[in-house]
1. Is it the case that B:LEU85 is assigned to a helix (DSSP H, G or I) and either within 13 Å of chain A (Cβ to nearest Cβ) or touching a helix residue (DSSP H, G or I) at 6+ places or on another chain (Cβ under 9 Å) (or both)?
2. Among the residues of region B:2-44, how many are facing chain A (nearest Cβ under 10 Å) and not in a helix (DSSP H, G or I)?
3. Quick check: anything in region B:93-109 surrounded by 20 or more Cβ atoms within 10 Å (Cβ to Cβ) and not in a strand (DSSP E or B)?
4. Just to be sure, is A:PHE87 at pLDDT 90 or above and on the phi > 0 side of the Ramachandran plot?
Amino acid sequence: MSEQVTSVPSTISVQPSARPQFLWRIVDVIVAGIFIYAGVLKMVDPVQFANDIDNYKILPWPISVALAFYLPWLEIFCGLALIVRYFYRGALSILMALILVFTLATTAAKVRGLDITCGCFGHASQHWSFPAHLMTNLAIIAALVVLWVSNRLTKSLQGRRSAWGS
Amino acid sequence: MKFSLTRQAIMLAVLALLPAAGEAIYFRDKISWRSPIPPSESVNADQARAWGQNAIWVDARPDEEFAQDHVPGALSLNEDRWNELLPEFLAAWSPGKKVIVYCSSLSCNASREVARRLRKEAQLPDVFVLEGGWEAWLKQK
């Protein structure tokens with residue numbers, strides 16, 4: 001049985017409350033800050049980052065070099081996109097893909113017994129243990145999922161509001 | 001202006017290419033696209049031969065490969081028996097001598113690691129990695 005909404009009582013507000021919106025913005029800025037910080041650290045020393053990528057023994061050296069130049073800028077641009085909320089969903093999906101690849105590569109290296117420096121946060125992460133890497137990555141993945149879901153919910157609420165308004 | 005998710009991702013990916021290309025040009029002298037070893041820390045087989053008696057050859061391959069064959073006069077120094085072999089190598093080394101480290105081929109990492117440890121832990125200057133390793137030396141033979 002389909003039920004058609006014809007009118008909405010004026011007392012019902014479908015505008016998402018200001019507090020969760022404010023909280024999501026804080027999460028936005030924290031996640032963006034993490035990626036911008038990580039990107040800048042690697043961007044200033046691409047030689048070290050190329051060696052860090054090469055340590056995973058997955059890619060040929062020229063590709064490691066190309067990624068060492070490219071990935072930090074991608075992280076920085078996506079971080080900025082989260083802050084200014086432009087290309088927001090595109091940035092979220094790229095960052096999610098990046099963090100998943102980093103996590104898989106770190107896990108694969110651990111399984112293969114490689115003693116690696118992940119290089120995710122430049123020298124700051126040089127002495128991180130594997131569990132510390134994994135926990136950090138999982139926390140970032142969780143934050144990205146939360147941002148994605150909150151963005152979808154906000155969009156959906158706004159869509160319903162405009163449908164009711166018209 | 002609204003863009004689909006895919007279009008947003010593509011635009012961000014393309015935007016990041018621009019500064020990355022600029023940075024690659026800026027760092028062109030500091031990193032080699034062919035090999036992880038910086039040009040200042042590597043030596044080709046011709047150059048290495050020309051150094052003659054002014055250089056000590058270090059074989060970073062495993063013991064079995066060293067036992068099969070090696071560069072004449074080379075000393076074995078691999079990471080498996082680093083603590084045992086390092087004193088023997090240091091006894092043979094003298095200031096002013098260049099050190100040429102090699103492993104099996106272009107793709108091996110043992111020579112890089114041994115060279116790095118000789119520079120860092122043994123504080124030796126003039127440590128070079130042979131481009132192409134043992135394979136390149138054999139070709140030049």
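1. No; evaluated as a whole, the condition is false for this residue.
2. 12
3. yes
4. Working: at pLDDT 90 or above: yes; on the phi > 0 side of the Ramachandran plot: yes.
Answer is yes for this residue.
This table checks each residue for (1) of a type in the set (Val, Ile, Thr); (2) outside the structural domain of B:TRP134 (by TED's automatic domain parsing); (3) at pLDDT below 90.
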| residue | (1), (2), (3) |
| --- | --- |
| B:MET1 | no, yes, yes |
| B:THR6 | yes, yes, no |
| B:MET11 | no, yes, no |
| B:LEU18 | no, yes, no |
| B:GLU23 | no, yes, no |
| B:TYR26 | no, yes, no |
| B:ILE56 | yes, no, no |
| B:ALA67 | no, no, no |
| B:GLY73 | no, no, no |
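Quick grid of which residues meet (1) aromatic (Phe, Trp, Tyr); (2) more than 21 Å from B:SER35 (Cβ to Cβ); (3) touching a residue at least 60 places away in the same chain (Cβ under 8 Å); (4) crowded, with 22+ Cβ neighbours inside 10 Å:
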site	(1), (2), (3), (4)
A:ALA50	no, no, no, yes
A:LYS57	no, no, no, no
A:ALA68	no, no, no, yes
A:ALA81	no, yes, no, yes
A:ARG89	no, yes, yes, no
A:THR103	no, yes, no, no
A:LYS110	no, yes, no, no
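The values are calculated or read from the model by the stated rules, or taken from the named source; none is laboratory data. Computed from a prediction, not measured in an experiment: that's the story for all the values here. So basically every Cβ, Gly included, is an ideal-geometry build from the backbone, and we count neighbours across all protein chains shown.
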